[in-house]
Amino acid sequence: MNCWTSSTGRDCSAGNLLCGGTTHSSTSSSAPQPSQSSSSSSSSAITPSKASSSSSRVSTMSRVLDYLYISSARCITYANINKYKITHIINATIEVPIIHLNGIKTIRIPVNDKIDEDIARYFDDVSDFIYDVSNSGGRVLIHCMAGISRSAAFLIAYLMKYLRMSLKDAYNLLHKKRPIVRPNGSFFRQLIDFEWRLFGKNSVKMIYLDHMNIEVPDLFVHEYKKMVLLEAIIARTRHSHHRSYGSKANLIDG
């Protein structure tokens, strides 16, 4: 049986995250489209500008929907929780301690950011948890270590299950709100399977890149090709500089 740990220290079985909460069907459930406030639609990051570095983005809470936020572990402070009126926290890690905050319900989803992690076993239950909190008027913050892979995968699963978004659209929405998100390749494969289970079709597929010996979602292929091109340009530049330096050395020796 999968176990969840609540802020009270009790174990909560999967599908019963609130130690008495309810579960929902993964095939017929839907959530009302959230109304976006002007502040949430104009910017995804709460504090830095869009030109901020990746390291500073890790340090921000990002608003995805009016009731749903994503962040790194370092953002879990009284100031942030109070400022954004967070009522529930999902800790999607094994390694980050549960932070006990008065009046805040916190649960742990014990997953590692590794390719052999079966994260999909929690997709339904985490999505149901977020749905229940949103229906009760609460606000959920989901975090992992950096707010990039594990928490992003769960948030995408929720967008697919309850907002009926395709995997491609869900990822694009989340990436727009928090540009540093990047579920690992294994998590993406599991999200692809989850999308098929929900809709009977897929909007994303995995592509094998021979020159890099890796498999990536087709959403990232263009980015990886640009990376390879950049590396080739750097290599040619270094080679050119090396040849130029060698020629100059020969002239001096001569």
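The values are calculated or read from the model by the stated rules, or taken from the named source; none is laboratory data. For clarity, every value in this text was computed on a predicted model and none was experimentally measured. Glycine gets a Cβ as well: all are built from the backbone with ideal geometry, and neighbour counts include every protein chain shown.
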Exercise for review: Would you be able to say whether some residue in region 100-119 is more than 17 Å from the chain's Cα centre (by Cα) and among the acidic types (Asp, Glu)?
Suggested key: yes
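The rows are residues; the columns are (1) assigned by TED's automatic domain parsing to the domain that holds Asp118; (2) in contact with a Phe, Trp or Tyr (Cβ under 7 Å, 6 or more places away or on another chain); (3) modelled with pLDDT of 90 or more; (4) part of a helix (DSSP H, G or I).
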| position | (1), (2), (3), (4) |
| --- | --- |
| Pro179 | yes, no, yes, no |
| Arg189 | yes, no, yes, yes |
| Glu215 | no, yes, no, no |
| Met227 | no, no, no, yes |
| Ser244 | no, no, no, yes |
| Leu251 | no, no, no, yes |
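Being assigned by TED's automatic domain parsing to the domain that holds Val181 and without any contact (Cβ under 8 Å) to a residue 12 or more places away in the chain: is that true of Ala73 here?
no
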Review point. Which one is surrounded by the most Cβ atoms within 10 Å (Cβ to Cβ), of the residues in region 175-206 that are in contact with a strand residue (DSSP E or B) (Cβ under 6 Å, 6 or more places away or on another chain) and farther than 17 Å from Ala120 by Cβ?
Key: Arg178
Check your understanding: What about Ile156, is it in the same structural domain as Glu195 (by TED's automatic domain parsing) and part of a strand (DSSP E or B)?
Key -> no
**Study point:** Residue in region 119-134 that is part of a loop (DSSP other than H, G, I, E, B), assigned by TED's automatic domain parsing to the domain that holds Ile180 and either in contact (Cβ under 8 Å) with a residue 12 or more places away in the chain or surrounded by 24 or more Cβ atoms within 10 Å (Cβ to Cβ) (or both) present
**Key:** no
Review point. Within region 162-169, can one find any residue that is within 18 Å of Ile109 (Cβ to Cβ) and either at pLDDT below 95 or in a helix (DSSP H, G or I) (or both)?
Key: yes
